[in-house]
Structures are given as C-alpha cells and as structure tokens.
1. For the chain, what is the accessible area per residue in Å² when the probe is 1.4 Å?
2. Give the dimensionless ratio obtained when the Cα radius of gyration of the range 349-410 is divided by 2.2 N^0.38 Å.
3. Relative to the compact globular guide of 2.2 N^0.38 Å, what is the alpha carbon radius of gyration of the range 128-171, as a ratio?
4. Which value, in Å³ per residue, describes the convex hull spanned by the Cα atoms of the range 332-463?
5. Using θ = phi - 60° and the Karplus form 6.51 cos²θ - 1.76 cosθ + 1.60, what ³J(HN,Hα) does each residue of the range 431-438 get, whole Hz, x for Gly and Pro?
6. Give the angle, between 0 and 90 degrees and rounded to the nearest 10, that separates the Cα long axis of helix 359-385 from the longest principal axis of the Cα atoms of the chain.
7. Local charge sum around I460 (other residues, Cβ-Cβ under 14 Å, Lys/Arg +1, Asp/Glu -1)?
8. In the range 333-403, which trypsin sites (Lys or Arg not before Pro) fall in coil by DSSP and have 15 or fewer other Cβ atoms within 10 Å?
Amino acid sequence: MADQNPGKNAVYENSNKAQQPISDLALPKKPKRNKYALGCSILASMTSILLGYDTGVMSGAILYIKKDLRVSDVQIEILVGTINLYALVGAAVAGRTSDWIGRRYTIVFAAAIFFAGAFLMGFATNYSFLMVGRFVAGIGVGYALMIAPVYAAEVAPASSRGFLTSFPEVFINAGVLLGYVSNYAFSNFSTNLGWRLMLGVGAIPSIFLAVGVLAMPESPRWLVMQGRLGDAKKVLDKTSDSLEESQLRLADIKEAAGLPLDCNDDVVVVPKRSHGEDVWKEMFLHPSRTVQHILLVGIGIHFFQQASGIDAVVLYSPKIYEKAGIKNDNHKLLATIAVGVSKTVFILVTTFLVDKIGRRVLLLTSCGGMIISLLGLAIGLTIIDHSPNQKITWAIALCILMTLSCVAFFSMGMGPIAWVYSSEIFPLRLRAQGCGLGVAMNRLVSGVLLMSFISLYKRITIGGAFFLFAGIAIMAWIFFFTLLPETQGRTLEDMEVLFGTFFRWRSTSNELKRKKFEGNSAELQ
C-alpha cells in the first residue's frame, strides 16, 4: 500500500537521524584495500630485495672469497661493510634523479645499476675488481632504498599508506632468504666458481624487477609536478578508495605544487622549481620551523634505527652465540636461522597493524622492547665474560632469548616504521631529496657500525657494546616520544600542519582534530 503521508515520514526519519550521535555519523565505513595500489606498491617495494639478497648472499660468499682470493679478515670486513657507504651515495643523488626522470624510471635505473654491479662481481678476477663491482651494486642499493617507500607513499590512499609503505622492510627480509638459498644452491661448486655464481645470480631478480616496473603507472604527485594533470587524475582514480577521495587528493597535490585549484587542463605549465631546484636551499639555508622539524625527525628516525645496534645483533649473531658459549657450528647456524624467522614473522604482523593502531604506539613499544632486550643481552654476555671457566646455562639461554626478542621488537616498529614515517612527512616539493637524506643517514650509520663492531667489543667487551646500544635506544625512545606526531590517517599534504611546533606538536594535532570534527558536524547539519 502506498504511503499516505510521505512528508510526515520524511520528518520522522530526519528526526531519528538527528538523534544519532554526530561522532557515529562522522565515521565513514572502512574501505576495502585498493588492489591496484597494492600491486603497484608491491612491485616498487621489491627493489628492496636487492639489499636483502646482497646481505644474505655475502654472508656465505665471503667463506669462499677468502679462500679463493686469499684476502685478510680486514679486507673481508671492508668488503662486507662498505656497501652501506656506497649506498648512501646512491640514496643522496636518487632524490634529484627521481624528480628529473620520474619515480618509475628511477626504479628501473636502480635495477639496471644493481644488475651491472652483480655482473661485475660475478666476473671479478681479483679483490680490486670485486670492490669495483661492490661499489656499483651499492649505488643501485641506495637508489632502491630511497625510491621504493617514496613511490609507495605517493600512490597509496591514506587508509592503507602505512600498510603499503612498510613493504620495503618485508622484501629486505625476503631478499636475505633468497641469498641464503643461493648460498646453499651453489655451495657444492668449486671454490673459484661457487662464490661468483652466488654474487652473479643477483643480476637475475633485477631484470624481472625492471620489466615488471614498466607495467606500473607513474606517481600522481610527480605527474602533477610536471604539469600532467590529466595523467595524474587517471592514476588517482585507480589508486584511491573512491572518486571523491581521488578529487580531494588531486586538489591537495595541486595546492602543494603551487597550482590553482580551479586549473583543470590536462597539461599545464608549472614553475621550474618543481623539477628540484632550490630544494637544498629551502632545507638547509633558509628552512622554516616546519621544515626544520620534519628534517630533524626524518633523519633522526633513520639514525636511531641503525644506531641502536640491530645490524650488530643480526649480522654478528654467530659471534654473539660464540661468546655466549655455543661452540658447535651447527648450533650457531640453527640459532641464527631462528633470528631470521623471528625478524620476518614480526615484520609481517606489523605490516597489518600499522594502519590500525598507529605509528607512535608501534614505534614506542618497539623501542621499549629493544631497550629491555639489549640490556638483558648485555647482562648475560657480561656474566659469561666474567666466568670463562664455567658454563652458565641460564645466562646462555638469556642471551639467545634476548637476541630473538631484540629482532622481534625491532621488526614490530623501528624496522618498517622508519621507512613509513620518513616517506610520508616530507612535503611534496622536498619529498624525494628528504627521503634520500634519511636513507643516506641509515646506510652511513649501518656501515660505520658493521665495520667497527668487532673493534668496539674488543675494546669495551661485548657486554659493554650492548650496554652502549641500550643507552642509545633509551635516547631514541625519548626522541620518538617528544618529537614525533601521529600521522595515521593523515593525507600527505596534511603533514606540514602537524609539524613546526617541535615539543608542542600535541596541541597542533588536537586543533586539527577539532577542526575536522567541526567540519563533519557542519556537513551533517
């Protein structure tokens, strides 16, 4: 039967709707993950496999390199650690390259450089030739580490940006596992051929990566920087959760790029500055308080990620177990594999939590757990060091448990979130170079730590070295707690508003929430 009084029903329905709490009406339904953006981010993040593969494969290859080329322990230490120093060179110049040729072709360029480096290492006839290949591969690694999180952050919608930009850390671990498989696969070959195959095979993933990346779209933010608004709109329509979000993202990007909001032509003229000029001047010569805050946080989070000693725990874990009293090589290898498993499992868990519970909670929990783990490891190693003539079972067990705990807590936050956070806080005009600086700091600290750890623990004992790392982790926790705003759910163009007040960022964040709530309330009235 037809409704006899539609007007009355309409009033009744409106009155019921008005009685609902505004906060309930303002909460949108959680969108499904955008599969297109997911696929693009996975392809881009796979460039991080290059660093992971090199780390994993070199751990086995050096055993054969030392025998074949008859090099010293110092030369091996330099060979292993210097790739991080070479990578910082690549990371430092990758920002300008990506502003010049685009994010997508920079990924292809990174794969091509690593291919050349792997090829040179595979055909190295002496130590000097090997170091040349190592240098070229390191440049490629630096490019890859910088561009992967930048591309993922610029393609991803705000609802899943943390999930998508945490993939590089996941693929670093995947690369490590591939390196271990390569070591095992070629271990039965002759000494002079085995290590060359291990290193040379690293060229194969880079080929598939370069080909796969060509199927990806260019970053919409880079397209706007080039004045290609029509192309940017097409990409945003595919990578956003809704057409409304696509329009809002395009408006935000145009505003950040200095373009009029009413400019809707497919191709427009943009200022030359959009190609990267004057960026360094804005960051270092005449930075605003906002840029100062962002730069401090973006570089600081990478410094503390590595300065807390995670690479020493992961790469020198056999040495730690040897100091702890585990002499059997098989037992040391088994314990090291457990470290890798623990690291990988917790990274995967964090990937699915970062957009649900926020960056700060995971980061502070991760850093707090590392402090406890490093202190426990330092105490256990110190007790064992002072009891050389007796086997203290509980101290050995403590060392193993704290090593596993340390890498697990690192993977819970400090590992992936350093890449997520630094890739999303820089404004559009500074993003590429800013992220490049963060990666350069990351690789510099990692390289210095790896090339000095053995000398450090010989000077202050291995327990003393981990007490030092625990102290640095405490400083990191204070730094994160006081200076890092929560960025969960914010658009990339929103970030500049969050920063600039340094230790008083909470009042700015509360003001943004209040304005957003008032805006939602006004729309409902």
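The values are calculated or read from the model by the stated rules, or taken from the named source; none is laboratory data. Computed from a predicted model, the values in this text were never measured in an experiment. Backbone-built Cβ (ideal geometry, glycine too); neighbour counts: all protein chains shown. Side chains included, ligands, DNA and RNA excluded: accessible areas come from the protein's heavy atoms. Shrake-Rupley method; radii C 1.70, N 1.55, O 1.52, S 1.80 Å.
1. Counting only protein heavy atoms, the per-residue value for the chain is 44 Å².
2. Compactness ratio reported: 1.43.
3. 1.55
4. Hull volume normalised by residue count: 125 Å³.
5. 5, 4, 5, x, 5, x, 5, x
6. Once rounded, the angle reads 20 degrees.
7. +2
8. Details: sites: K343, K356, R359, R360, K391; in loops: K391.
Sparse-neighbourhood loop trypsin sites (Lys or Arg not before Pro): K391.
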